[in-house]
């Protein structure tokens, strides 16, 4: 794992250990499912002692919560990467939705389970914080608080961002609910429709 500037060696080692445990846990979850994977099996897969594992994650639920948080972080990072892509705002929206679908389907079984678990945390302060982060990222994708030149000006940018979040989450919900749902095709199509609606008139 790449060294992060400003971290002490001890902090970097702890970060690397946490990453290794989560990577091993995700692999075990993919193979055996979340409910049928024990903490002992995760410790063996991560090549750490039981005590070390429990020092980082007191329970399997804590590991799952960390994986959900990482899933959120990865999507936010994906949005920000697309903010700097060449092309129009509409093209960036479609490219983002398509790239997200491919990432989610790369290991669909575990991702579906994590998506389902993540929705249990939408209520309360945690849910508000997660939505706020998504909104801020989509506002950035649209060109900031005032919108890019090709984004319509008769609608508040945050409302457009809210529409993007709603469409994205709705399609992901359908994919979560139906194994055969064509996620990439539907997200790309949804991206094109919503992108056309945000263009300047």
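Readers should treat all values here as calculations from the given coordinates under stated rules, not as data from a laboratory. Here the structure is a predicted model, which is why all the values come from computation and not from measurement. As a convention, Cβ positions derive from the backbone with ideal geometry for all residues, glycine included, and neighbour counts pool all protein chains shown.
Shown is the FRET efficiency for residue 84 and residue 30, computed with R0 = 22 Å from the Cβ-Cβ distance and rounded to the nearest 0.05: 0.10. Per residue of the chain, the DSSP helices (runs of n ≥ 4 H) give a summed -39500 (n - 2.57) that works out to -24500 deg cm²/dmol at 222 nm.
Here 59, 197 are placed in order of increasing Cβ neighbour count within 10 Å, fewest first, which gives 59, 197. Extension gain for residue 179 to residue 12 (0.36 nm times residue separation, less C-alpha to C-alpha distance): 56.2 nm. Scaled against 2.2 N^0.38 Å for its residue count N, the alpha carbon radius of gyration of segment 7-58 is 1.15.
Given a Förster radius of 25 Å and the C-beta distance between residue 163 and residue 133 as r, what FRET efficiency does 1/(1 + (r/R0)^6) yield to the nearest 0.05? With R0 = 25 Å, the Cβ-Cβ based efficiency is 0.90. Against the chain, whose longest principal axis is taken from its Cα atoms, helix 60-83 shows a tilt of about 30°. Extending 7 Å from Cα along the Cβ direction at residue 41 and again at residue 54 yields two label points whose distance is 2.0 nm. Once the mean of 1/r is taken over each pair of separate Cα atoms and inverted, the chain shows a Kirkwood hydrodynamic radius of 18.5 Å. Across segment 61-198, Cα pairs under 8 Å and at least six residues apart give a relative contact order of 34 percent. Between helix 183-198 and the chain there is an angle of about 40 degrees, using the helix long axis and the longest principal axis of the Cα atoms.
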